[in-house]
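A quick write-up on the structure given underneath.
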Amino acid sequence: MTTSFSSLPVVDLSILSSPQPSEQDLQALSTQLYDVFATTGFAYLINAPLSFDHEDVFELAGDFFSMNEAQKLQLAKKTFVKSNKNTYRGYFPTQPGQQDNLKEGFEVGPAQAPRRRSFGRPQKFDLTEPNVWPDEEEFTDGRCRLEQLHAELQSLSSTLLSLLAVSLGKQPEFFSSYLEDSLSTLRLLHYPPQTSTPGPASEEVKLCCTPHTDSGILTLLHQDPTGGLEVLNASGEWVAATYVPNSIVVNIGDLLARVSGGRFVATMHRVRTSSGGASRADGMGRCSVPFFFEPGESCIVRSVDGGESVVYGEYVRKKMGTWVEYQDEPEIAISVAGASRIAVAA
């Protein structure tokens, strides 16, 4: 296993749109995915079987982030607005002073909330809670489209996991238990333009998301032309994951690296602040839309080689303690003038 690369590989998923792809083609794609995750951990996916193109995805993000602050805070997690009930799904604002959270976001789970796991004591975060939505007529279509996008990305993740199972010498159904009551998260992210940048003589790198590996199974990322995503190779060089039109950037997390028995690598990555405050044509700054495939809360996750297992819900709750979006913050003053009531999807 090595991460010696100078650019990210490209994986063509055209055959997945075929009504009956041949076993030979599927095996070739399975082998290619294995090679990608064993040597780079990142790739561009092109010709993915989705009904959404990039313009559709970022229109959805733009529609949400164009709402005023009071409307978005009505959807904020309890971490930020104590009177709100939602703890895991919903909105989080930028947090000044937190370098790795110079972004605001909105998180959506499955349209049908997963079954709730029983605990002997109250839990701070309800991983199976229903989604929250703006109670706005103009966002009704946005809700339906986000739910559809979530479902299509979940389906694509399922297909990729089936191909990865085969590449690891298992049956295509090896990961089927991961799909039961899956907690997968679709996250809309907005990085506002940062006007404070280093001077010409400075080599300082300004980041809006600090170096990290993803903690879970699989990440599918829509990124816009603004750029900023960088991936660390074995030589210690940060390789730019430049924008490729209508591609999806895929990478694996720590948990899938463990599941693979160390055959796959979860690669360190970061997001650089746009140079000179550069932003999209609409002036919004950088937007990205990652989809994090997550097993069910009660899913038993273990390596293909056997050995120690972990319950996904317990694993992710420990990880959440290190994520700034879930750390206690002083309550944000919220102006409810003109803001809509919060709507909870049952």
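Read the figures in this text as sums done on the coordinates, not as results from a lab. No experiment lies behind these values; they were computed from the predicted model shown. Cβ atoms come from the backbone with ideal geometry, glycine included; neighbour counts cover every protein chain shown.
A few notes on this one:
- Here r is the Cβ-Cβ distance between LYS206 and ALA111 and R0 is 41 Å; the resulting FRET efficiency, rounded to 0.05, is 0.60.
- Per-peptide packing, taken as the mean over residues of other Cβ atoms within 10 Å, places 20-27, 310-317 in the sequence 310-317, 20-27 from highest down.
- Label-point separation, SER235 to SER66 (7 Å along Cα→Cβ), nm: 4.4 nm
- Members of LYS78/LYS206; LYS82/LYS318; LYS103/LYS318 lying beyond 25 Å, as alpha-carbon distances in this model show: LYS78/LYS206
- Region 127-163-region 1-32 distance, computed between alpha-carbon centres (Å): 25 Å
- Using the Cβ-Cβ distance between GLU23 and LYS319 with R0 set to 41 Å, the FRET efficiency works out to roughly 0.65.
- Extended-chain gain in nm, criterion 0.36 nm per residue less alpha-carbon gap, VAL10 and SER51: 12.7 nm
- Fully extending the segment from VAL244 to GLN148 would add 32.2 nm, taking 0.36 nm per residue of separation and subtracting the current Cα-Cα distance.
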